[in-house]
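Trainee: First the structure, then my questions, so here it is.
The values are calculated or read from the model by the stated rules, or taken from the named source; none is laboratory data. In this text, all values refer to a predicted model and were calculated from it rather than measured experimentally. Counting neighbours? That spans all protein chains shown, and the Cβs are built from the backbone with ideal geometry, glycine included. Side chains included, ligands, DNA and RNA excluded: accessible areas come from the protein's heavy atoms. Shrake-Rupley method; radii C 1.70, N 1.55, O 1.52, S 1.80 Å.
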Amino acid sequence: MKWLTIPALLLALSVACDQAPAVETVAAEPETRAPAGEPQDLPTTQMRLGNLRFNLQIANDPTEREIGLMHVTEMGKKDGMIFVFPKPGQLSFWMEDTLIPLDIIFVDATGTVTKIAQMTPLSRDLTDSDGRCQWVIELNAGMAGEAGIKVGDVLLMPAEVRPDTAE
């Protein structure tokens, strides 16, 4: 057996390390939150819901969906948020750290409104989708009724909120 000198050993290790598969290290990023009282800085889309057109922020990644409208103290009358999920699923939402009352609209993969509910600020009570949904829309409380949105309505989903453009 031939013994390697220290420089030869270091060279051999260096060559071996260069050929080893790279391991990606991802540093944990600090949680990105909007300043208290303001919505997140997210892309928006305009969308017709019932007989009104709304400006909706698009939450299409896990962090954006988790933060949602937390800490927002007010929102324009025709503003809201649309949560885009990569696949339909059984969804549950709560209002912990959400300061304004909201209407929540669950929408399945065909664009059909499957459930509309009212959400109470700061509540930890879960509101379930009662079925597999692809999108969830949050509006100021009472706006779903004012717009005439009903269970069974089929919504035209803008291209920027279709699941193939999310995540």
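Trainee: Quick one: which residues, 5+ away or cross-chain, put their amide H under 5 Å from the amide H of G131? H built at 1.01 Å from N.
Mentor: L91
Trainee: Given labels modelled 7 Å from the Cα in the Cβ direction, how far is it in nm from Q46 to D128?
Mentor: Here the answer is 3.9 nm between the modelled labels.
Trainee: Please give the net charge around S92, taking every other residue with its beta carbon less than 15 angstrom from that of S92, where Lys and Arg add +1 and Asp and Glu add -1.
Mentor: On the way: positive: R65, K115, R124, R132; negative: E66, E96, D125, D128, D130, E138.
Charge balance near S92 sits at -2.
Trainee: Once amide H atoms are built 1.01 Å from N in the peptide plane, which residues 5 or more positions from A141, or in another chain, come under 5 Å H to H?
Mentor: Excluding prolines and chain starts, which carry no amide H, the hits are L102, D103.
Trainee: Give me the percent of the accessible area of the stretch 126-165 that comes from carbon and sulfur atoms, probe 1.4 Å, all protein chains in place.
Mentor: Roughly 54 percent, rounded to a whole number.
Trainee: Can you bin the stretch 51-161 into rounded, prolate or oblate? Criterion: square roots of the alpha carbon gyration tensor eigenvalues sorted a ≥ b ≥ c, rounded for a/c under 1.5, prolate for a/b above b/c, oblate for the rest.
Mentor: In terms of gyration-tensor shape, rounded.
Trainee: Using θ = phi - 60° and the Karplus relation 6.51 cos²θ - 1.76 cosθ + 1.60, list the HN-Hα couplings for the stretch 102-116 in order, rounded to whole Hz, with x at every Gly or Pro.
Mentor: Working through the residues one at a time gives 9, 8, 10, 10, 9, 10, 7, 5, 8, x, 8, 5, 9, 6, 10 Hz.
Trainee: So, one more: Got a sec to turn the phi values of the stretch 59-73 into Karplus ³J(HN,Hα) couplings, 6.51 cos²θ - 1.76 cosθ + 1.60 with θ = phi - 60°, whole Hz, x for Gly and Pro?
Mentor: Result, ordered by residue: 9, 10, 10, x, 5, 4, 5, 5, 6, x, 9, 4, 6, 6, 9 Hz.
Trainee: In addition: Starting at the first residue of the stretch 123-137, write each ³J(HN,Hα) from the Karplus equation 6.51 cos²θ - 1.76 cosθ + 1.60 with θ = phi - 60°, in whole Hz, x for Gly and Pro.
Mentor: Each residue of the stretch 123-137 in turn: 7, 9, 5, 7, 10, 8, 6, 6, x, 7, 10, 9, 9, 9, 10 Hz.
Trainee: How large is the charge dipole for the stretch 96-167, taken about the Cα centre, if only the Cβ atoms of Lys, Arg (+1) and Asp, Glu (-1) carry charge, to the nearest 20 debye?
Mentor: Dipole size: approximately 200 debye.
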